Amino acid sequence: MLPHRPQCKLDSHTPTRYLVAMPDIVLATLNARYAHCAFGLRYLFANLGDLQPRARLLEFDINQRPLDIAEKILSHEPKIIGLGIYVWNVTQSTELVAILKRLRPDITLVVGGPEVSHQPDFPLADQILPGEADLAFAAFCRNAVVPTSPPNLADVVLPYDLYTDDDIAHRVLYVEASRGCPFHCEFCLSALDTSVRQFPLDKFLAAMQRLLDRRANAFKFVDRTFNLDIHTATAILQFFLDRHRPGLFLHFEMIPDRFPEQIRNILQRFPPGSIQLEIGLQTFDEDVAARIGRCQDNVLVETNLRWLREHTGAHLHTDLIVGLPGESLESFAAGFDRLVALQPQEIQVGILKRLRGAPIARHDDAWGMIYNPQPPYEILQHNLIDFPTMQRLRRFARYWDIVVNSGRFGEAVPRIWGDASPFWKFLEFSDWLYAQTRQTHAIALPRLAGLLQQYLGATEEIRIASLRQRQARHLSAKTSA
């Protein structure tokens, strides 16, 4: 499909940009921020084979103007542009595509990624590659053929050697030992693909060794269920434990009720702070969990979280979701307090999103689910939580993140709720904080600290006044008697 480009003939009048042949293929995406690497694009580039010399990989972020991004892409004079579309960049990417096609309608524009994989409609794109395009993109570039089945992971060239020295020094390095998820949680796109496939372990560990040899220290595993296959999980954990050095940091997403002895024995041997475990609980309400196809033993979850806090130095990042169908404010509050009692270092309160193609949409009518039509498609209200309350919870999530999850106010935070319900008391604080600031972002740290101190001082005065009133009533009753 690609035309042959002749070698450049150089002379004293040749412009500098032609000293290297211009690429026929540009792979690009807009990351959420600079610290994130475009993992998917690196897979596409790694599997281009003999087309690699005719390709470039360009990374941008969503804070850059689509007009400026278009200028940088077109400066390479590509014939084919491959663009990764995600929920965080779809708005900017749509504008970018419109600019590119207006300026260069002759360019073949190929899009892929989760945002176009399950409802594949993207205006102005010449080709949509749904699903895993590791091998499909190269096939399309060669002969306009698009394979429809997922690739055999043994045939996929791993992309880890494409991480640059700058990536290793300054950015998160994404890695994966498996793809897929066996569960059916309807809010997640993984519910559409319930098979789990493993990359060849020897090849994967060899790639990890090369990264370690280059002094890579931060590895974020994107496997949805890292501890599903016990043999693979223990082999990888042992591999990194045997090579542990100061500064090494590993992030894994774990199934909350699956921590057998093999994994426990290795986890407790890692130095404190060297591992972060992302543990998605999402809800403690068993009726809600059953409604959305989530299977979870909550008693075992509590047992595992207590064990991890008591016997390991792992940082526990836990997740709950606001707005699931059938989850009331009261049931969410009960689950939140239950999780606070287990003392994870972080509780991420996420707002339910109706991702394109996710099965959660089947509950829309029964539960009055109304979502924002604009990305990231967050829930606005449902039958049990109205819009004003959902807005309060959205602010609750943000303030919990900057006050509690940040770890900056460790001694002050427990005083917000004392012996009462953490959820309801923090919601009171959240309402008060919003009334003072009318903002959820860009609150300077000194101001936030001052407001927290002000709130705690006021609540302490209220507590003392209430205590004095009770004492006075008690004394009055005793005198009357």
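Answer yes or no: is there a residue in the stretch 297-313 that is at positive phi and of a type outside the set (F, W, Y). Reasoning before the result, please.
Of the stretch 297-313, the ones at positive phi are none.
Among the residues of the stretch 297-313, not one is at positive phi and of a type outside the set (F, W, Y), which makes the answer no.
Hey, can you tell me all the residues within the stretch 53-74 that are of a type outside the set (V, I, T) and touching a residue at least 40 places away in the same chain (Cβ under 8 Å)? Working first, answer last.
Going residue by residue through the stretch 53-74, those that are of a type outside the set (V, I, T) are 53-61, 63-68, 70-72, 74.
Across the stretch 53-74, the qualifying residues are R54, L57.
Would you please name the residue that is farthest from Q119 (Cα to Cα), looking only at residues in the stretch 321-374 that are free of Cβ contacts under 8 Å to residues at least 24 places away in the same chain and in a helix (DSSP H, G or I)? Spell out the reasoning first.
Applying the first criterion (free of Cβ contacts under 8 Å to residues at least 24 places away in the same chain) to the stretch 321-374 yields 330, 341, 361, 364-365, 368, 370-373.
Now restrict to residues that are in a helix (DSSP H, G or I): 330, 361, 364-365.
Numbers: E330: 35, A361: 13, D364: 17, D365: 20 Å.
Here the residue is E330.
Considering only residues that are in contact with an Asp or Glu (Cβ under 7 Å, 6 or more places away or on another chain) and not polar (S, T, N, Q), look in the stretch 413-464 and name the one that is surrounded by the most Cβ atoms within 10 Å (Cβ to Cβ). Steps first, answer last, please.
Within the stretch 413-464, the subset in contact with an Asp or Glu (Cβ under 7 Å, 6 or more places away or on another chain) is 421-423.
Narrowing further to those that are not polar (S, T, N, Q): 422-423.
Numbers: P422: 21, F423: 23.
Top of the filtered list is F423.
Answer yes if at least one residue in the stretch 418-427 is part of a helix (DSSP H, G or I), at pLDDT 95 or above, more than 20 Å from the chain's Cα centre (by Cα) and within 30 Å of P120 (Cβ to Cβ), and no otherwise. Walk me through how you get there before you give the answer.
First pass over the stretch 418-427, keeping only residues part of a helix (DSSP H, G or I): 422-427.
Filter again for at pLDDT 95 or above, leaving 422-427.
Applying the additional criterion that residues be more than 20 Å from the chain's Cα centre (by Cα) yields 422-427.
Subsequent filtering for residues that are within 30 Å of P120 (Cβ to Cβ) retains none.
No; the residues of the stretch 418-427 include none that is part of a helix (DSSP H, G or I), at pLDDT 95 or above, more than 20 Å from the chain's Cα centre (by Cα) and within 30 Å of P120 (Cβ to Cβ).
Which of the numbered conditions does A216 fail, given that it passes all the others? Conditions: (1) in contact (Cβ under 8 Å) with a residue 24 or more places away in the chain; (2) assigned to a loop (DSSP other than H, G, I, E, B); (3) farther than 17 Å from H251 by Cα.
(3)
Looking only at residues that are in a loop (DSSP other than H, G, I, E, B) and in contact with a Leu (Cβ under 7 Å, 6 or more places away or on another chain) in the stretch 125-143, which one is surrounded by the most Cβ atoms within 10 Å (Cβ to Cβ)? Give the steps one after another, and end with the answer.
Filtering the stretch 125-143 for residues in a loop (DSSP other than H, G, I, E, B) gives 125-126, 130-135.
From what's left, in contact with a Leu (Cβ under 7 Å, 6 or more places away or on another chain): 125-126, 133-134.
Working: A125: 21, D126: 14, A133: 27, D134: 21.
The qualifying residue surrounded by the most Cβ atoms within 10 Å (Cβ to Cβ) is A133.
Is it true that R210 is surrounded by fewer than 16 Cβ atoms within 10 Å (Cβ to Cβ) and not in a helix (DSSP H, G or I)? First the steps, then the outcome.
Numbers: surrounded by fewer than 16 Cβ atoms within 10 Å (Cβ to Cβ): yes; not in a helix (DSSP H, G or I): no.
When the stated conditions are applied, R210 does not pass them.
Quick check on my filter: what residues within the stretch 164-207 are touching a strand residue (DSSP E or B) at 6+ places or on another chain (Cβ under 6 Å), hydroxyl-bearing (S, T, Y) and either surrounded by 14 or more Cβ atoms within 10 Å (Cβ to Cβ) or over 30 Å from T283 (Cβ atoms) (or both)? So that I can check it myself, show each step before the final result.
Initial filter on the stretch 164-207 (touching a strand residue (DSSP E or B) at 6+ places or on another chain (Cβ under 6 Å)): 172-175, 178-180, 182, 193, 195-198.
With hydroxyl-bearing (S, T, Y) added as a condition, the list becomes 174, 178, 195.
Result: Y174, S178.
Residue pairs, Cβ under 8 Å, 6 or more apart or interchain, first in the stretch 96-125 and under 29 Å from P150 (Cβ atoms), second of a type in the set (D, E, K, R) and in a helix (DSSP H, G or I). List them.
From residues that are under 29 Å from P150 (Cβ atoms), the pairs are I107/K101; L109/K101; L124/K101.
Kindly indicate which of V146, V157 is farther than 23 Å from A70 by Cα, in a loop (DSSP other than H, G, I, E, B) and in contact with a strand residue (DSSP E or B) (Cβ under 7 Å, 6 or more places away or on another chain).
Answer to the selection: V146.
Every residue, every condition in (1) within 19 Å of V349 (Cα to Cα); (2) not aromatic (F, W, Y), yes or no:
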| position | (1), (2) |
| --- | --- |
| D242 | no, yes |
| E253 | yes, yes |
| R264 | no, yes |
| F270 | no, no |
| L281 | yes, yes |
| H311 | no, yes |
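Could you give every pair whose Cβ atoms fall below 9 Å, whose first residue belongs to the stretch 270-293 and is over 27 Å from L384 (Cβ atoms), and whose second residue is β-branched (V, I, T) and modelled with pLDDT of 95 or more, counting only separations of at least 6 or pairs across chains?
Listed by first residue and then by second, the contacts come to F270/T312; P272/T312; I275/T312; L277/T312; L277/T318; E278/T318.
The values are calculated or read from the model by the stated rules, or taken from the named source; none is laboratory data. Because the structure is predicted, anything quoted here is derived from the model rather than measured. Note that we place each Cβ from the backbone using ideal geometry, even for glycine, and neighbour counts take in every protein chain shown.
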